[in-house]
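Single-structure report; data block below.
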Amino acid sequence: MRNLLILLFAFQSLILFSQEKSTSFSRENFNNDWKFERFGPHPEEPGKVLAEPKGLEAKAYNDNNWRSLNLPHDWSIEGPFRNDLENNTGLLPWKGIGWYRKHFNVSENDKEKQLFIDFDGAMANAQVWLNGKFVGEWPYGYTTFRFNLTPYVDFGKDNVIAVRLDTEKFDSRWYPGAGIYRNVWLTKTNQVHIDHWGTYITTPKITEGEATVDIQVTLKNSGNKNSNIKLKTVIYNSDKKEVATSKTLSSSLSAQSEKTIGLGIVVEKPLLWDTENPNLYQARTYIYEADELVHEEITSFGFRTLDFTANEGFLLNGKTVEIKGVCLHHDLGPLGASFNTRAAERQLEILKEMGCNSIRTSHNPPAPEVLDLCDKMGILVQVEAFDTWQKGKMENDYHINFDTWHVEDLRAMVLRDRNHPSVFMWSIGNEVPDQGNPELAKKLANIVRMTDPTRPVTAGCDWGDTAYNGFSDALDVFGYNYNQGSYEKFFKTPELNEVPFIANETSSCLSSRGEYFFPVEFGPANDNLPGFGIFQMSSYDTQYPGWGSTADMQFKLHDQYPRIMGEYVWTGFDYLGEPTPYNSDITNLLYYKDPAQKAALKKHLDELKVMVVPSRSSYFGIMDLCGFKKDRFYLYQARWRPDFPMAHILPHWNWSERIGKNVPVHVYTSGNEAELFLNGKSLGKKKKGEFEYRIMWDEVVYKPGELKVKVWKNGKAWAEDIVKTTAEASKISLVADRKKIIADGKDLVFVTVNIEDKDNQLVPKSDNIINFEIEGPGEIIAVGNGDPTSHEPFIAKKHSAFNGKCLVIIRSTKQAGTIKLKAQSKGLKDSRIEIQVRK
């Protein structure tokens, strides 16, 4: 399976049901009109506890005074930030007990139907009641799960569903959020129906002329009568034209039973799915009982092959593709954990612009809509299950539930996502302390393979000896996290010559957008470097934690060892929590094996524990928490899009305090030769040498004015960039990522706020407080500026700029019209922008 793994797949997006006979089966968004109340630790007053009353699950409980809201909802993102809380989880009050209740009606006409509730994710330790009767529980906050409500429904009457979540009994190394933070669905079916995640599509043969589609459909009869059924599937292309139809099969289905039936279809001249042309198809499966349509399910899918080899790397449809990937945590910056499809899409658009072609869902299953987006946008996904197994990293992390729940959680992940074309690898764990337990790794890998044998299993391994202690035998693709010093041994070990290899987590470079410190030094971050006094990291992209590296160092390894099929950079975006190197997270020690390094880090961590450290979000991102590009974006773009003409100068050129002093200049470019000019005077031409990925002029003496670079590639003019010393800040400019959005109450527009001078140039060090006013069919739901030390609330109508920028996130209502946003700040010229909201 290691040398040639042909992964033939399809993907199932959100299940859609036919509008024909809509009273028979439906899938309804269940997000609106919930009541919410929280208990346990008070979010604002340390030491105060909000008592949890008894009987909150009862149907008759009076919840009139509870807060009304729509889902998805993260109760902790509202804050406030508190320095008495752990900055490893964002200094936010996420620990607590949250209750959600919703009243709804079910028609008498549905007495013969089956009703299910589907949670895409609920953080954490979910317990669910309907009409006061216990329905079920699911501890892991990242897993999608379903409960059958049918036995507890009062047909023709008011029904009350109650959900209790408890994050007090859950520990996390990063900000997990809290609440019903993903979508919820109410599904209604006939007694005979396709089971949950019951359609599995593979394509066991693909040629240019035709492809074979194998569809395994699991049917369920929840009724008390035997049933005779017929089923067929029709395939449609992306233009919704029918391209193939299966034979109609007949079968019997006993009462209270289930059965899996296979259908085979041949599609002529299939269009392949890849990262450049993500061609998708749909399979509509129809189930008939006594010639009446009782269920229809639409499954989107595509055609592609995946090969994982030791020497040619990863092949997509027979062609080698370098994995240019990033790791992503699940929070969406100022929105917290509350999921929004447009916010996720914006992140993916920025990554695609950089040249990224893959994401790793660190360290848990993602929202299902993320995979739908990746399917459509041509982004490969490594879906990851767990951060811990039997041995924990924290007192109450997943390890306390592992023995009881790992099979259900792992199967739920694979069953839900195994049809997505974008999903090309399964990761069973990240840096688990059980890397000395090969048998456990084999057990987990086999659970995955039994559920989906078409994709390889990997893991993020941070022990250097994991490749040699039997653990790697459980994996189809071996993934090192960091361990740059272990690469050479791996590639020189004969027993590993046929093992595919991926750098599953890399770099961990540290930077704050727009912050530059002198002198510029390459190496591990330490307490003596400039920037530590204000808890920022230099955007020269030269520092990293002891286990990490610069991007340049990782690029060199890839050029030295062509067996590496690619990398996943830690991380694509800054995320809430884990603000290394300004956090006292003891799990950082897990990265170190050398006793002297461990002792030095422990001393640093102990010192941080007694300091008031304002940092509340990470410094690892290539983009900051708001999605604004750091300089590093252009370093990766230069590497990952070598045919795209680009050049980027850093730092900015506003250094009045350094006139006559040295200000090193770095240029990131996809070219290979550059000439730098200061106020029109050449500072010399330079070429990239072997294993050099940036061009540096380290002895530039600062003078105000214009800094310009001209770049050549192989002797031909390629690109140029200019930075200038600006005048004083004089105005605000507003730039919306889109001028038109949908009036659905969910769509978002992201408005970048820039502080500029009279010549429309960004004034890089400005930190003005900006006030916002909004009119029309929209509401401001979050603001931010990407500063990892800022304690300003995200839910507000004002925010300070950080190095010239801040962000406003506006959500549409369900009314059409024009949103008018006004931004104003003392001493600056106001700015206005309009966004159209359309049905």
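The values are calculated or read from the model by the stated rules, or taken from the named source; none is laboratory data. Owing to the predicted nature of the structure, the values given are computational and were not obtained by experimental measurement. Note that each Cβ is placed from the backbone with ideal geometry, even for glycine, and that neighbours are counted across all protein chains shown.
Please go through the range 498-517 and give me each residue that is assigned to a loop (DSSP other than H, G, I, E, B) and either in contact with an Asp or Glu (Cβ under 6 Å, 6 or more places away or on another chain) or modelled with pLDDT under 95 (or both), ordered by number. Spell out how you get there, then give the answer.
Here is the first cut: in the range 498-517, the ones assigned to a loop (DSSP other than H, G, I, E, B) are 498-500, 508-509, 511-517.
Those that are assigned to a loop (DSSP other than H, G, I, E, B) and either in contact with an Asp or Glu (Cβ under 6 Å, 6 or more places away or on another chain) or modelled with pLDDT under 95 (or both): C509, S511, R513.
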Listed by first then second residue, the pairs whose first member lies in the range 185-208 and is more than 26 Å from S252 (Cα to Cα), whose partner is modelled with pLDDT of 95 or more and among the aromatic types (F, W, Y), with beta carbons under 6 Å and at least 6 positions apart or on separate chains, are W185/F30; L186/F30; T203/F303; I206/F303
Note on the range 276-287: residues crowded, with 17+ Cβ neighbours inside 10 Å and either outside any strand (DSSP E or B) or among the charged types (D, E, K, R) (or both) are L280, R284
| query | With respect to N419, is the statement that it is part of a loop (DSSP other than H, G, I, E, B), surrounded by 24 or more Cβ atoms within 10 Å (Cβ to Cβ) and on the phi < 0 side of the Ramachandran plot true? | reply | yes
Reported set for the range 667-683 where residues are surrounded by fewer than 21 Cβ atoms within 10 Å (Cβ to Cβ) and not in a loop (DSSP other than H, G, I, E, B) is E673, E675, F677, L678, K681, S682, L683
When the range 559-586 is checked residue by residue, the ones that are part of a helix (DSSP H, G or I) and within 25 Å of the chain's Cα centre (by Cα) are I586
Among residues of the range 211-239 being assigned to a loop (DSSP other than H, G, I, E, B) and within 30 Å of the chain's Cα centre (by Cα), the residue surrounded by the fewest Cβ atoms within 10 Å (Cβ to Cβ) is D239
Residue under question is Y693, and the condition is that it be buried (at least 19 other Cβ atoms within 10 Å of the Cβ), of a type in the set (F, W, Y) and assigned to a loop (DSSP other than H, G, I, E, B); does it hold? yes
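A quick yes/no check of all residues on (1) surrounded by fewer than 16 Cβ atoms within 10 Å (Cβ to Cβ); (2) assigned to a strand (DSSP E or B):
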position	(1), (2)
F644	yes, no
I649	no, yes
W653	no, no
K685	yes, yes
E699	yes, no
K708	no, yes
L734	no, yes
V751	no, yes
Within the range 753-805, residues crowded, with 17+ Cβ neighbours inside 10 Å, in contact with an Asp or Glu (Cβ under 7 Å, 6 or more places away or on another chain) and assigned to a strand (DSSP E or B) come out as L762, H799, F802
Restricting the range 367-399 to residues that are touching a His at 6+ places or on another chain (Cβ under 9 Å) and polar (S, T, N, Q), the one farthest from F308 (Cα to Cα) turns out to be Q390
Of the listed residues (T143, T187), the one being more than 30 Å from E268 (Cα to Cα) and not in a strand (DSSP E or B) is T143
Log entry, pairs with first residue in the range 695-710 being within 12 Å of D721 (Cβ to Cβ), second being modelled with pLDDT of 95 or more and part of a loop (DSSP other than H, G, I, E, B), beta carbons closer than 7 Å, six or more apart or on different chains, reads I695/K688; E706/N679; L707/W653
Of the residues in the range 800-825, those that are in contact (Cβ under 8 Å) with a residue 40 or more places away in the chain and within 23 Å of G514 (Cα to Cα) come to A801, F802, N803, G804, K805, C806, L807, V808, I809, A823, Q824, S825
